[in-house]
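The values are calculated or read from the model by the stated rules, or taken from the named source; none is laboratory data. From a predicted model like this one, the values you see are computed outputs, not experimental measurements. Cβ: placed from backbone, ideal geometry, glycine included. Neighbour counts: every protein chain shown. The protein model used for the area step is the full one, side chains on, heavy atoms only, and it has no ligands, DNA or RNA in it. Shrake-Rupley method; radii C 1.70, N 1.55, O 1.52, S 1.80 Å.
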Amino acid sequence: MSDTSSLPTSSTPASLGSVASSNVFQKVPQRLRGWVLPAAIVALWWAAVQSGWSDSPLLVSPGAVWQRGVSQVRSGELWVALSASLWRMGWGFVIGSAAGLAVGALLGWSRWAERLVGPTFHTLKQISLFAWIPMLSMWFGLGDAAKIAFVAMAAFFPVVLNTFEGLRSVPREYLEVARVYEFSVWQTLTRVVAPAAAPSLFTGIQLSLIYTWLATLGAEYLLASGKGIGNTLIDGREHFWMDLVLFGVVVIGLVGFVLNAALSALERRLLAWRERTVAQY
């Protein structure tokens with residue numbers, strides 16, 4: 001009788017199964033591999049509904065969600081809600097990111113400003129974003145102004161932190177070279193500091209974009225009702241339309257995916273020099 005314990009690890013049934021799964025996965029085109037898990041989840045969801053695993057009204061079929069989505073598109077309700085949410089997010093992102101870049105650059109460039117403003121900023125960033133809602137609602141009311149202010153605050157803090165870190169991480173040798181070539185302050189900023197800090201700045205903007213989308217939904221959910229994807233979820237919850245709730249969740253995920261992909265593509269284009277620099281080593 002042969003001793004299976006003496007077999008090489010790669011020949012055991014478990015390892016053979018792992019190799020077979022890996023080979024199957026390798027046959028999927030690389031650009032489609034990210035869709036394997038969502039497709040598997042939908043297949044499992046469909047199987048659960050078809051086999052009657054649960055009679056709960058919370059378990060609606062993928063087909064019902066699809067039909068709800070089609071009706072939302074045809075009636076125009078989806079575009080009204082989506083445009084309202086993106087409008088709030090856009091204004092909040094622009095205001096919060098612009099303020100964050102200015103404050104982050106000031107803190108990163110000036111030691112005096114860091115000592116004066118830094119302690120207050122680091123204290124404010126510890127406060128939960130949702131703790132500001134009562135104050136924002138008293139200052140700006142319950143309408144779009146309060147929602148945009150809330151979204152702008154969500155964009156502000158990650159941009160400040162990453163701008164500060166980006167400026168402070170510029171190697172001293174770069175600044176010495178700029179000093180040797182007698183660069184002006186503007187030339188030092190645009191030709192030395194900004195390119196060196198660009199990866200960190202993009203990280204801050206990318207985080208800001210993600211946070212603003214999440215904050216937009218939070219503001220629509222917690223402040224006064226109106227048009228928006230967050231309010232679509234509220235309507236679904238109040239009427240117990242699970243297909244509408246799930247359709248809203250899918251739309252939120254797709255919008256987040258598109259925003260992240262667009263910013264990543266922009267980053268690859270604007271910071272292409274970074275990949276070339278790494279490849280040289």
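So, for the chain, what is the accessible surface per residue at a probe of 1.4 Å, expressed in square angstrom?
Working: 17790 Å² over 281 residues.
I get 63 Å² per residue for this part.
Can you give the extra length, in nm with one decimal, that the chain gains between Ser54 and Trp79 once fully stretched, where that is 0.36 nm per residue apart less the Cα-Cα distance?
Numbers: separation 25, 0.36 × 25 = 9.00 nm, distance 3.34 nm.
That works out to 5.7 nm of additional length.
What relative contact order, as a whole-number percentage, does the chain give when Cα pairs under 8 Å and 6 or more residues apart are counted? The partial results should precede the final answer.
On the way: 252 pairs, mean separation 60.0, N = 281.
Rounded, it is 21 percent for the chain.
If R₀ is 35 angstrom, what is the calculated FRET efficiency for the pair His239 and Ala113, using the beta carbon separation as r and rounding to 0.05?
0.10
Using DSSP to define loop residues, name the GluC sites (Glu not before Pro) in segment 166-251 whose beta-carbon has at most 14 other beta-carbon atoms within 10 Å. Intermediate values should be presented prior to the final figure.
Details: sites: Glu173, Glu176, Glu182, Glu220, Glu238; in loops: Glu182.
Here the GluC sites (Glu not before Pro) that fit, given the DSSP loop and packing criteria, are Glu182.
Taking square-rooted eigenvalues a ≥ b ≥ c of the alpha carbon gyration tensor, is segment 22-100 rounded, prolate or oblate, where a/c under 1.5 means rounded and, failing that, a/b exceeding b/c means prolate? Please report the intermediate quantities before stating the final value.
Working: a/c = 2.68, a/b = 1.38, b/c = 1.94.
The shape class here is oblate.
For segment 142-240, just say rounded, prolate or oblate: build the C-alpha gyration tensor, square-root its eigenvalues into a ≥ b ≥ c, call rounded for a/c under 1.5, and beyond that prolate if a/b exceeds b/c, oblate if not.
Working: a/c = 5.32, a/b = 3.82, b/c = 1.39.
Judged from the Cα gyration tensor, segment 142-240 comes out prolate (a/c at least 1.5, a/b above b/c).
Give the carbon-plus-sulfur fraction of the accessible surface of segment 163-281 in %, rounded to a whole number; probe 1.4 Å, heavy atoms of protein chains only.
63
What helices in the chain pass both tests, a Cα length along the helix axis of 24 Å or more and a mean Kyte hydropathy of 1.0 or higher, using whole DSSP H runs?
Details: long enough: 77-109 (47 Å, 1.18); 144-168 (36 Å, 1.08); 194-222 (40 Å, 0.94); 242-270 (42 Å, 1.64).
Taking the DSSP H segments of the chain (at least 24 Å long, mean hydropathy at least 1.0), we get 77-109, 144-168, 242-270.
What shape does segment 114-179 take by its C-alpha gyration tensor, where a ≥ b ≥ c are the square roots of the eigenvalues and a/c under 1.5 counts as rounded, a/b above b/c as prolate, and the rest as oblate?
Working: a/c = 3.95, a/b = 2.70, b/c = 1.47.
Prolate, because a/c is 1.5 or more and a/b exceeds b/c.
Compute the relative contact order of segment 95-178 as a whole-number percentage, counting only Cα pairs closer than 8 Å that sit 6 or more residues apart in sequence.
Working: 62 pairs, mean separation 44.3, N = 84.
Across segment 95-178, relative contact order equals 53 percent.
Okay, helix-only estimate at 222 nm for the chain: each DSSP H run of n ≥ 4 adds -39500 (n - 2.57), divide by all residues, round to 500 deg cm²/dmol; what do you get?
Numbers: 13 runs with 214 residues, N = 281.
Mean residue ellipticity, 222 nm, calculated: -25500 deg cm²/dmol.
Trypsin sites (Lys or Arg not before Pro), restricted to segment 38-129: which are DSSP loop and have at most 15 other Cβ atoms within 10 Å? Please list the in-between numbers first.
Numbers: sites: Arg68, Arg74, Arg88, Arg111, Arg115, Lys125; in loops: Lys125.
Answer by residue number: Lys125.
Leaving out same-chain residues fewer than 8 places away, which lysines sit with a Cα under 19 Å from that of Lys227?
Lys147
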